[in-house]
Amino acid sequence: MAVNEKDGKLVIKAVQAAVDHYGASQDELIPILNEVNREVGYLPSEAFDEISRLLRVPRSRLFSVASFYRMLSTKPRGKHVIQFCESAPCHVVGGREVWQAIKDFLKIEEDETTSDGKWTLVTTSCLGLCSVGPVMVVDDDIYGNVDPAQVPTILEKYR
Amino acid sequence: MKAYRSMVLVSSDPASIDKGANEVYQALQTEINAFGLENEISLTMVGDVGRHDAVPLVIVYPEAVIYGPVGKENVHHLVEEHLYKGRIATNLQAPVKELSGKIAWLSTRKGTLPAEQRIVLERAGIIDPESIDDYIIHDGYQALAKAVTEMSPEDIFTTLEKSGLRGRGGAGFPTGTKWRFVCKANSSKKYVICNADESEPGTFKDRLILEGDPHSIIEAMAIAAYAVGADEGYLYIRGEYTIAQERVKQAILQAEEMGFLGENIFGTEFKFKLHVHSGAGAYICGEETALIESIEGKRGEPRARPPYPTTNGLWGKPTLVNNVETLANVPPIIRHGADWYRGFGPAGSPGTKVYTIMGNVNQTGLIEVPMGITLREVIAIYAKGMKNNKPFKLAQTGGSSGSIIPAVLQDTPMDFDSFAKAGVALGSGALLICDEDTCVIDLARVLLNFFRKESCGKCNPCRIGNQRAYEILTNISEGTGTMKDLDDLMLLSDNLYQLSNCGLGQTAGAPIRDVLNHFRAEVEAHVRLKVCPTGICPMSGKRI
């Protein structure tokens, strides 16, 4: 998943900034990956090359760590990321119907990105907002007590 | 400390945020500036204030007037009347008869019903979490001063052991004993870790403690470090909890500035450095050895135990790992003594427990009550009854890894010993209350879906067992289950329990076992009659 030259420079800059901030030490690996993921939106191959060089950690280990944690993505994501809580507390208060409504509206399944690159749909485990379930998070905005009928209205806001 | 004439707090629990607390906060800021009051009034978002009937709440100190529910359109009037003219805006006040803050809550309940008893949440929602001065005024860092200047580590262990404090992360291990183990371990370098990777579905108590009272955890960790002989500590906070991370980081800087962290604490030889480490989204990192691996920058895969972290933990050194809620109990115990703490709850598990209530009830939220109250009491009193008066069918306690408790067990006192006797687990304190419209197969399927995704994949029983159990449950929900599937499920549940490497796999089979034991008839209806009694399962005849 190569990125173009201009983006490649951005990636290297993001890695450099994260390593400067946390220090080039292996125990700071997860904070560094987190930071780069937040800046770039995901972890492209170029980011692994650069981190591997600066931290002297093999790429294989970087990939093994990055693929383990849910908040890190090795694939490009859509412009907006929808996180839907699929844990039991949200499920029993109507989460199932809301999940179906989101999938019907975007016409994609879990872990997929729409063909126009606008939306990525992922599930997440509990977000600690159970008293207002069902909960969905669009980018950084949290929506609680979601009703299936509200799904189009919520998502239209991001058009 | 900058002196303000008034302090304004805005509730920021999830229910308040949902009802527009952020907008109210912004409007308050604008209005306070517009009236030129910004140097006289402090404005803060606080966590859960303990009442959810009138959110978002705006509380004005020192008068302790509670306004709610406040919309952004009311803010101009509120600021003009109360903060500018000094008159209470009576039309916006929250209903009085219910309560005003925790004091009235206690007094209205006194003598008639078991009252909420806040120990670990004593300050959450009452102090400004971003102000160390406010914490100190409310008895903050007294316990640390007492511990390092007046008490030997031995005194601290004895006090904790006498208090009967047991770990609140789920396993219920005696805290004083654990601290003693780490103290005894022979090493010049030791670590203290606070496990704030709260990912158990339905649990959000640790988040509220960290957001509402971050200094209490810093103080407790410093006491722990002094007692076990550590000079470095980590707070491992889940990646999703960004507000908690920011508040804790800021609190650490404040504590360093005031000399509660760093070198020569309270003029003694004791020194302690504290780091914050963010998680990156992995349920398994709540398991203590996986958490340690994650701090070391690796995949969060649990280690084989023994050796335990008390002797071989972070970077191979003796390490104390405690849950947030456990630590939050320590400063009050040091301040008031073991006998005071024993005054709450039953003899075998003294103290209080924070529960998060959710599901099909009238009022969801968070309570802190003495150990040993029953589910029936929780539902009737704190949850204000079942939604639409439907019958209570089951409760799922302790997040995914807890137990499914049928209605017949709702009078079991909720404490470690009584629950163990009844064969159920207390877990993290999440109480998911379900009514008669909940299908047990559907619920078990959701739980197993969670475990199959969150299994780290290191050991086979867990990686394959959870996937297989999920497939069988899906088949049953599609109406293609067989009676042999039920035997296979029971066997899988046993195998998960006996053969898995860590707690995740060992408890993953519990929902299956509970459902088959307590709701056999409903399960067999799915298999023999191809009917889902609640009409939830699709029963469409597809088999995977």
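The selection criterion, being under 23 Å from residue A:127 (Cα atoms), more than 14 Å from chain A (Cβ to nearest Cβ) and surrounded by 18 or more Cβ atoms within 10 Å (Cβ to Cβ), does not hold for residue B:454. Does residue B:265 fit the bill of being aliphatic (A, V, I, L, M), away from chain A (no Cβ under 11 Å) and buried (at least 24 other Cβ atoms within 10 Å of the Cβ)? No; evaluated as a whole, the condition is false for this residue.
Every test in (1) over 28 Å from residue B:228 (Cβ atoms); (2) modelled with pLDDT of 85 or more; (3) out of contact with any Phe, Trp or Tyr (no Cβ under 7 Å at 6 or more places or on another chain); (4) among the hydroxyl-bearing types (Ser, Thr, Tyr) is passed by residue B:382 save one, and that test is (2).
I need the helices (runs of 4 or more DSSP H) fully contained in segment B:170-244, keeping only those with at least 2 residues that are away from every other protein chain (no Cβ under 14 Å) and over 17 Å from residue B:144 (Cα atoms). Before the answer, list the steps.
Values: elements: B:175-184, B:205-212, B:214-228.
Answer list for segment B:170-244: B:175-184.
Sort out which residues of segment B:277-320 are at positive phi and assigned to a helix (DSSP H, G or I), and write them in order of number. Give the derivation first.
Of segment B:277-320, the ones at positive phi are B:281, B:297, B:315-316.
Scanning segment B:277-320 gives B:315, B:316.
Total residues in segment A:90-127 satisfying the condition of being within 24 Å of residue A:72 (Cα to Cα), assigned to a helix (DSSP H, G or I) and away from chain B (no Cβ under 14 Å): the figure is 3.
If you go through segment B:346-381 and pick out every residue that is within 20 Å of residue B:121 (Cβ to Cβ) and either more than 12 Å from every other protein chain (Cβ to nearest Cβ) or of a type in the set (D, E, K, R) (or both), you end up with 15.
Report yes if residue B:479 is outside any helix (DSSP H, G or I), assigned by TED's automatic domain parsing to the domain that holds residue B:523 and buried (at least 16 other Cβ atoms within 10 Å of the Cβ), otherwise no.
Working: outside any helix (DSSP H, G or I): yes; assigned by TED's automatic domain parsing to the domain that holds residue B:523: yes; buried (at least 16 other Cβ atoms within 10 Å of the Cβ): yes.
Spelling it out, residue B:479 is indeed outside any helix (DSSP H, G or I), assigned by TED's automatic domain parsing to the domain that holds residue B:523 and buried (at least 16 other Cβ atoms within 10 Å of the Cβ).
Contact map, segment B:13-26: first residue more than 11 Å from every other protein chain (Cβ to nearest Cβ), second residue modelled with pLDDT of 85 or more and in a loop (DSSP other than H, G, I, E, B), Cβ cut-off under 6 Å, separation 6 or more or different chains; pairs are B:21/B:56; B:24/B:56; B:24/B:70.
Among the residues of segment A:79-89, those that are within 7 Å of chain B (Cβ to nearest Cβ) and touching a Leu at 6+ places or on another chain (Cβ under 7 Å) comprise A:88, A:89. Applying a threshold of 6 Å to beta carbon distances and a minimum spacing of six or more residues, or different chains, the list of pairs starting in segment A:1-24 at a residue that is within 16 Å of residue A:57 (Cα to Cα) and ending at one that is at pLDDT below 90 reads A:22/A:28.
Taking segment A:104-159 as the region of interest, how many residues are on the phi > 0 side of the Ramachandran plot and surrounded by 13 or more Cβ atoms within 10 Å (Cβ to Cβ)? Don't jump to the end; show me each part of the working.
The initial filter retains those residues of segment A:104-159 that are on the phi > 0 side of the Ramachandran plot, namely A:107, A:111, A:117, A:128, A:139, A:145.
Still in the list and also surrounded by 13 or more Cβ atoms within 10 Å (Cβ to Cβ): A:128, A:145.
Of the residues in segment A:104-159, 2 are on the phi > 0 side of the Ramachandran plot and surrounded by 13 or more Cβ atoms within 10 Å (Cβ to Cβ).
Per this entry, residue B:448 is not counted among residues that are touching a helix residue (DSSP H, G or I) at 6+ places or on another chain (Cβ under 9 Å), buried (at least 24 other Cβ atoms within 10 Å of the Cβ) and farther than 17 Å from residue B:512 by Cα. Among the conditions (1) away from chain A (no Cβ under 14 Å); (2) at pLDDT 90 or above; (3) out of contact with any strand residue (DSSP E or B) (no Cβ under 7 Å at 6 or more places or on another chain); (4) assigned to a helix (DSSP H, G or I), residue B:327 misses just one, which is (3). Checked against the criterion of being free of Cβ contacts under 8 Å to residues at least 40 places away in the same chain, crowded, with 21+ Cβ neighbours inside 10 Å and of a type outside the set (Ser, Thr, Tyr), the candidates B:380, B:395 yield just one match: B:395. Find the residue count for segment A:60-78, including only residues that are buried (at least 16 other Cβ atoms within 10 Å of the Cβ) and facing chain B (nearest Cβ under 7 Å). Total meeting the criteria: 6.
Inspect all residues belonging to segment B:291-303 and state whether any of them is among the charged types (D, E, K, R), in contact with a Phe, Trp or Tyr (Cβ under 6 Å, 6 or more places away or on another chain) and under 18 Å from residue B:179 (Cα atoms). Quick ask: steps written out before the conclusion?
In the first step, residues of segment B:291-303 are kept if they are among the charged types (D, E, K, R); the result is B:293, B:296, B:298-299, B:301, B:303.
Among the residues that remain, those that are also in contact with a Phe, Trp or Tyr (Cβ under 6 Å, 6 or more places away or on another chain) are: B:299.
Narrowing the set further to residues that are under 18 Å from residue B:179 (Cα atoms) leaves none.
No, because not a single residue in segment B:291-303 is among the charged types (D, E, K, R), in contact with a Phe, Trp or Tyr (Cβ under 6 Å, 6 or more places away or on another chain) and under 18 Å from residue B:179 (Cα atoms).
Scan segment B:155-164 and give yes if some residue there is more than 14 Å from residue B:337 (Cα to Cα) and basic (Lys, Arg), otherwise no. Within segment B:155-164, not a single residue is more than 14 Å from residue B:337 (Cα to Cα) and basic (Lys, Arg).
The residues of segment A:33-56 that are within 14 Å of chain B (Cβ to nearest Cβ), farther than 15 Å from residue A:68 by Cβ and assigned to a helix (DSSP H, G or I), listed by number, are A:35, A:36, A:38, A:51, A:52, A:54, A:55. I'd like to check something: does segment B:405-427 contain any residue that is surrounded by 21 or more Cβ atoms within 10 Å (Cβ to Cβ), under 17 Å from the mean Cα position of the chain (by Cα), within 14 Å of chain A (Cβ to nearest Cβ) and not hydrophobic (A, V, I, L, M, F, W, C)? Yes - at least one qualifying residue is present in segment B:405-427.
All conditions but one from (1) closer than 30 Å to residue B:135 by Cα; (2) among the β-branched types (Val, Ile, Thr); (3) buried (at least 24 other Cβ atoms within 10 Å of the Cβ); (4) within 14 Å of another protein chain (Cβ to nearest Cβ) apply to residue B:321; the one that does not is (4). Of all the residues in segment A:129-150, those that are of a type in the set (S, T, N, Q) and more than 9 Å from every other protein chain (Cβ to nearest Cβ) number 1. Taking the criterion of being modelled with pLDDT under 55 and more than 20 Å from residue B:66 (Cα to Cα), the residues of segment B:91-140 that qualify are B:110, B:111, B:112, B:113, B:114, B:115. Scanning segment B:268-290 for residues that are in contact with a strand residue (DSSP E or B) (Cβ under 6 Å, 6 or more places away or on another chain) and away from chain A (no Cβ under 11 Å) returns B:273, B:274, B:288. The set of residues from segment B:291-309 being surrounded by 23 or more Cβ atoms within 10 Å (Cβ to Cβ) and more than 10 Å from chain A (Cβ to nearest Cβ) comprises B:291, B:292, B:302, B:309.
The values are calculated or read from the model by the stated rules, or taken from the named source; none is laboratory data. All values reported here derive from a predicted model rather than from experimental measurement. Note: ideal-geometry Cβ built from the backbone for every residue, glycine included; neighbour counts use all protein chains shown.
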